[in-house]
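Right, one structure below, let's go through it.
The values are calculated or read from the model by the stated rules, or taken from the named source; none is laboratory data. Bear in mind the structure is a predicted one, so any value in this text is a computation, not a measurement. Glycine gets a Cβ as well: all are built from the backbone with ideal geometry, and neighbour counts include every protein chain shown. Each accessible area value is taken on the protein alone, full model and side chains, heavy atoms only, with ligands, DNA and RNA left out. Shrake-Rupley method; radii C 1.70, N 1.55, O 1.52, S 1.80 Å.
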Amino acid sequence: MSGMHRGGGRSNRGSRNRNKKNFQRNSNGHRGNGGSNDLLRHLHKEAELEAHTARKDVPGISMMVAANFTGFNGLISVGHDGRLRFLDITAKDFVYEEDLGGEGHYVFFEHPFLFVGFDKESPLMPGVPVGMLGVYNVEAQPLARKDLIVNEATPFAHSSRIAAITVGGALLISGGADGIVRLWKFDDAAGTFVFWQNLIGHVRPVTSLCFVESDGGGMLWSGSEDRTIRIWNITSSGAQCVDMKSAGRRNGDDPGGHSLAVTSLKLVPGTPPFILSAGVDQKLIVWNATTNEYCGGTECGAAIQEVELGTLPDPTADGNVLNCLFLSCRTGDFQIREWDSDLTLRISTTRRSGNRGIAHSFGCSTLVVPEHGQFYSAGRDGKIMVWNVRQDRV
């Protein structure tokens, strides 16, 4: 399997010495052909869909991804209500639903496989939920789930919830609240993935995973609630931790890492590639994914849940597009920042109970940014919101 390439962002950048990333916000908040109010004025919420059940103490949507396969083009979401749902984005209608049997925590799509992390009681330990990793081949009908296990004595994927899933080369990679990163290989004879290796090092839940492919293997970045980022060298013979980012390793301008839980890691493809890391400490940090060096960072003003890349049409220039960072916030709103620019926008479109403007109650879980400019936000309020940018009319 090849790694996923989602979203936009500039693909060619210089080295750290030639092009240190400048994330300092411009005091006037304007860019060349318009100010921050231009995009905000043109941002339109097209639809608001009730997707998952939510209460304040039981958040709704945990994760959402875009998926395109035979007979389907849309969004797939999982929620704490235990449901897996497929939303057709053209009809804006849910076309498939499944009860997972326990709270859903993560979903990841790499054609032809859909991977779902959810809780389920272990038959060996009645009443104790464990982290299950379900795999669907979406091109095989009828749709059926295969749950992965470590072995017969450990009939589950992780001892507690799965909070991160990715793929790298031929590997499936999962991260659990047990602090373990697990590598799985596809077995042709079994027709599914089988457990291969544990990566031990994190001492709190693993929250994010990002794989950077290279000849003969790749580098896996893992983020955790233990406030560290670990970097693992993955080869055909195994894996080894070769570096760690931590605020305890601060050195001059280099913050070393995050001072609170790491929540998101995002690959920016290019030469060299970059890794964006975000956390509860409200910081967005950029790392050179080849040298692992610090390249810059910024304060976001809110705890970040997830980072996505994508493009939006420039409402002031017909045919132009803006390369943007989309940051989902635990406060319920989200931010859009133009990549390679000082433009920063806080998107606040609705008011609830007299509070300041927010997009979602209880927190914004995730953002999905397809290629065509329309984008989608999913919230802990159980709702999916559809957004687009309306251009100026001549």
Based on the mean of other Cβ atoms within 10 Å per residue, sort peptides 311-320, 228-237 so the most packed one is first.
228-237, 311-320
Which of Lys245/Lys383; Lys120/Lys383; Lys120/Lys245; Lys185/Lys266 have a Cα-Cα distance over 27 Å?
Lys245/Lys383; Lys120/Lys245
Efficiency by 1/(1 + (r/R0)^6): what FRET value for Asp147 and Arg204, r their Cβ-Cβ distance, R0 = 22 Å, to the nearest 0.05?
0.30
Let's test this: bin the Cα-Cα distances of the range 66-167 at 5 Å from zero up to the farthest pair and state each bin's percent.
3, 13, 23, 24, 18, 10, 5, 2, 1, 0
Reduced to Cα centres, the span from the range 215-258 to the range 137-175 in Å works out to 23 Å
Arranged from highest to lowest average of other beta-carbon atoms within 10 Å per residue, in what order do the peptides 173-186, 194-207 appear?
173-186, 194-207
Taking Cα pairs closer than 8 Å and at least 6 residues apart, the relative contact order of the range 114-255 in percent is 14 percent
What full-extension length gain, to one decimal in nm, is calculated for Val95 and Val194 as 0.36 nm per residue of separation minus the Cα-Cα distance?
32.6 nm
Could you check the spin-label model distance between Asp253 and Thr53? Points 7 Å from the Cα along Cα→Cβ, value in nm.
5.3 nm
Quick one: which of 118-124, 292-298, 248-254, 212-218 comes out on top by average Cβ neighbours within 10 Å, and what's the full order, highest first?
292-298, 118-124, 212-218, 248-254
Counting heavy atoms of the protein chains only and a 1.4 Å probe, report the per residue accessible area for the range 296-339 as a whole number of Å².
27 Å²
Quick check: at a probe of 1.4 Å, how many percent of the accessible area of the range 58-313 sits on carbon and sulfur atoms?
49 percent
FRET E, pair Glu293, Phe69, Förster distance 56 Å, beta-carbon r, rounded to 0.05:
0.90
